[in-house]
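The structure under discussion appears below in the form of structure tokens.
Here, each number is a calculation from the coordinates, and none is a lab measurement. All values reported here derive from a predicted model rather than from experimental measurement. Here the Cβ positions follow ideal geometry from the backbone for every residue, glycine too, while neighbour counts run over all protein chains shown.
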Amino acid sequence: LFSVGSAPFPFEESLGPGQTQWSVSLEEGREGFEREAAEEGSSEFKRGGAFSDLTLLAQIRQVYILAQGEKGLFLIDQHAAHERVLYEKYLRQWDKGGLSSQYLLVPILLDLPPGGLDEPEKIEKVLGPLGFEVGAAGGSSLWIKAIPADLGPEESEAVLRELLEKLKEGEALQDKETLFRSLLKLMACHGAIRAGRSLSRDEIMTLLRQLDQTEQPSHCPHGRPLWFILSWEEIEKRFKRR
Ligand SMILES: [Zn+2]
């Protein structure tokens, strides 16, 4: 659609402040996305697409991806884009019976505020399809035995607290489908690469290829647009070339 030849990738020199040099720093919380990048290498993500065919120019302010296409310049919000990717992935897994999970070698004890656990059995049932395996630990505490495969232990704990809160306030008001969708959005938000994280070129290409595979690459699951184009026409108008 927006295919471009393989232009050089001018990122080594002359980057402005806030633009990354594409150095791969292994800060925390990165494992999930790196694993996706590794998985991707061996799977079916081979064909080109609207996003992966763009020519990558830079990562800007560690928030946006700047790329060039046939029709203009594209700005893509890295967090919103990854959120969309994860949300659709979770939806697919959920349709097939539940999100993939990983067992913890050492279960985590989660202390909740008093009264935070009305019906532990019911909570177990809701959390199971989301990739969590939990068990009552007495009082208002829970054992976390397994967590979603895409989340780290710390993120899982944070997600679980929010999930429980959302369950409490939302269950009475929403039907099951709506409730699960909102829980999956929450998980996608926590699992997605954050704004402020520097990404390597490979990581960005992975993200763009994943975006090509999504069904709704226009908006994040919360409805925010995840990319826009500044067309060449628009740019020419701004410079009064036409
Ligand atoms: Zn969002």
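Among SER200, SER101, the ranking by other beta carbons within 10 Å of each residue's beta carbon, starting with the fewest, stands as SER200, SER101. Applied to the range 221-231, the Karplus parametrisation 6.51 cos²θ - 1.76 cosθ + 1.60 on θ = phi - 60° returns per-residue 3J(HN,Hα) values of x, 8, x, 7, x, 10, 7, 8, 10, 9, 6 Hz, with x for Gly and Pro.
So which GluC sites (Glu not before Pro) in the range 158-242 pass both tests, a DSSP loop state and at most 14 other Cβ atoms within 10 Å of the Cβ?
Numbers: sites: GLU162, GLU165, GLU169, GLU171, GLU177, GLU203, GLU215, GLU233, GLU234, GLU236; in loops: GLU171, GLU215.
In loop regions of the range 158-242 (DSSP not H, G, I, E or B), the sparsely surrounded GluC sites (Glu not before Pro) are GLU171, GLU215.
Entry note, the range 60-100: relative contact order of 24 percent, from Cα contacts under 8 Å with a spacing of 6+ residues. Here the alpha carbons of the range 123-242 define both size measures, Rg and Dmax, at 19.8, 72 Å. Annotation: Cα Rg of the range 132-196 relative to the compact-globule expectation 2.2 N^0.38 Å equals 1.18.
Residue exposure proxy: PHE239, PHE228, PHE74, ordered by other Cβ atoms within 10 angstrom of their Cβ from fewest to most, comes out as PHE239, PHE228, PHE74.
Using alpha-carbon pairs under 8 Å, 6+ residues apart, how would you state the relative contact order of the range 119-214 in percent? List each step's numbers first, then the result.
Details: 51 pairs, mean separation 15.7, N = 96.
RCO, the range 119-214: 16 percent.
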